[in-house]
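Shown next, in structure tokens, is the structure this report addresses.
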Amino acid sequence: MKAYEEELQNQVDKGQTPDADGLDVKSYQEVFRVLRKDPGYELSPRFAESVVAAILNKQQRKISRDYLWFGLGIFLLVIAFVATVSFTGFRLDFGFLNAMADFKGLVIFGVLFILFLNWLDRRLMKERQAHS
Amino acid sequence: MSNAEMMDDRMLVSRVLAGDVQAFMLLIRQHERLVAHMVGRLIKSPEDRDELCQDVFLRVHEKLSEFSFQSKLSTWIATIAWRHAINYLRKRKMSFSDIPEEDAFTKRFIEEVNPETITEERDLDEFVLKLVNELPPQYKIVLTLYHLEGMSYPEIGEVTKMPEGTVKNYLFRARNLLKEKVKMYLGKEELL
């Protein structure tokens with residue numbers, strides 16, 4: 001029975017008219033015809049615009065939230081700094097720079113080397129992106 | 001998947017990822033019919049349908065950078081639409097569970113017929129669509145993807161995460177159930 005039904009479905013699906021019980025064939029033909037018909041679930045003509053507007057709105061809210069967290073972070077950092085200074089009696093002392101004065105060349109080389117690595121990294125990244 | 005299709009998908013996705021809003025609108029227009037058909041078949045409330053379709057595309061936008069071109073873009077979007085729809089059904093505790101036991105469901109579906117309903121229903125198309133609405137979501141989705149979207153069995157399997165054999169079986173059973181009811185409808189019509 002299942003093989004018979006399967007064969008009927010396959011033939012009707014291919015648009016053939018099976019040599020079988022007329023009512024079975026007609027029923028399958030009607031079922032397939034209706035299933036292929038557009039059910040008419042329409043979205044509004046401005047659906048794409050409304051989705052994009054929702055995305056932009058969401059992104060805007062995220063940016064505002066990020067700024068808020070950033071501001072809050074800075075504020076807490078300042079509070080923590082002020083609290084630390086007042087509790088520990090910390091005094092700012094640049095004396096360590098005197099110790100580095102003997103290695104001026106090494107410091108300049110270090111800075112230039114890091115800048116060179118950054119430049120090289122960006123250049124390689126651009127080339128990779130262009131090839132991908 | 002054809003190379004041309006893959007190329008189109010790649011170009012479109014890269015433009016969207018680069019922040020091109022027009023490209024995303026094009027992506028929506030290319031796939032809104034597919035999403036509307038899937039969601040429309042599973043969700044009855046028109047307001048919820050629109051909202052769910054919008055949520056699907058918001059998710060697509062959010063996750064697009066993770067799309068790895070292992071399938072067609074439409075298959076990937078259909079997967080998101082299917083997951084959203086079943087989550088909606090689960091949240092509202094609607095009938096989404098495993099397919100009911102075959103024999104019992106078939107018996108109930110075919111035999112629970114009010115003869116007046118059949119004779120009252122003048123339009124066969126409406127009658128069939130009402131029957132489709134009574135089917136379990138898994139049956140509805142395979143029917144929609146196969147007959148309306150022209151997807152292959154493996155593609156439907158990928159969207160629904162069902163084995164190919166299950167997809168074929170559900171498709172066969174769903175059509176068979178509909179045919180039995182239509183046969184009764186046509187039989188009554190011939191008698192009139």
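We did not get these values from a lab; they are worked out from the coordinates using the rules stated. The model shown is predicted, which means the values in this text are computed figures rather than measured ones. Cβ placement follows ideal geometry from the backbone for every residue including glycine, while neighbour counts extend to all protein chains displayed.
Of all residues in region B:31-52, how many are free of Cβ contacts under 8 Å to residues at least 24 places away in the same chain and more than 9 Å from chain A (Cβ to nearest Cβ)?
Number satisfying all stated conditions: 3.
Taking only region B:48-77 into account, find how many residues are farther than 26 Å from A:Lys62 by Cβ and not in a loop (DSSP other than H, G, I, E, B). Full working, then the answer.
Taking region B:48-77 and keeping what is farther than 26 Å from A:Lys62 by Cβ, we get B:49, B:69-72, B:74-75.
In the following step, the residues that additionally are not in a loop (DSSP other than H, G, I, E, B) were identified as B:49, B:74-75.
Of the residues in that region, 3 qualify.
I need a count of the residues in region B:169-192 that are touching a helix residue (DSSP H, G or I) at 6+ places or on another chain (Cβ under 6 Å) and of a type outside the set (A, V, I, L, M, F, W, C).
9
Being more than 13 Å from B:Arg175 (Cβ to Cβ) and out of contact with any helix residue (DSSP H, G or I) (no Cβ under 8 Å at 6 or more places or on another chain) is the filter here; which residues of region A:1-48 pass it?
Of everything in region A:1-48, those that are more than 13 Å from B:Arg175 (Cβ to Cβ) and out of contact with any helix residue (DSSP H, G or I) (no Cβ under 8 Å at 6 or more places or on another chain) turn out to be A:Met1, A:Ala3, A:Tyr4, A:Lys14, A:Gly15, A:Gln16, A:Asp19, A:Asp21, A:Gly22, A:Gly40, A:Pro45, A:Arg46.
Please enumerate the residues belonging to region B:152-162 that are within 13 Å of chain A (Cβ to nearest Cβ) and closer than 13 Å to B:Ser74 by Cβ. Working first, answer last.
To start, the set of residues in region B:152-162 that are within 13 Å of chain A (Cβ to nearest Cβ) comprises B:152-153.
Once the filter is applied, which keeps residues that are within 13 Å of chain A (Cβ to nearest Cβ) and closer than 13 Å to B:Ser74 by Cβ, region B:152-162 yields only B:Ser152.
Being of a type in the set (Gly, Ala, Ser) and farther than 18 Å from A:Asp21 by Cα, is that true of even one residue in region B:175-190?
Of all residues in region B:175-190, those of a type in the set (Gly, Ala, Ser) come to B:187.
Checking which are farther than 18 Å from A:Asp21 by Cα leaves us with none.
For region B:175-190, residues of a type in the set (Gly, Ala, Ser) and farther than 18 Å from A:Asp21 by Cα: absent.
Could you please find all residues in region A:19-62 being of a type in the set (S, T, N, Q), facing chain B (nearest Cβ under 9 Å) and over 20 Å from B:Ser45 (Cβ atoms)?
Within region A:19-62, just A:Ser27 meets the criteria.
Return a yes/no flag: does region B:170-179 have any residue that is more than 11 Å from chain A (Cβ to nearest Cβ) and closer than 25 Å to B:Ile80 by Cα. Don't jump to the end; show me each part of the working.
Taking region B:170-179 and keeping what is more than 11 Å from chain A (Cβ to nearest Cβ), we get B:170.
Subset that is closer than 25 Å to B:Ile80 by Cα: B:170.
For region B:170-179, residues more than 11 Å from chain A (Cβ to nearest Cβ) and closer than 25 Å to B:Ile80 by Cα: present.
Collect the residues in region A:18-71 that are under 20 Å from the mean Cα position of the chain (by Cα), surrounded by 13 or more Cβ atoms within 10 Å (Cβ to Cβ) and among the aromatic types (Phe, Trp, Tyr), keeping them in residue-number order.
none
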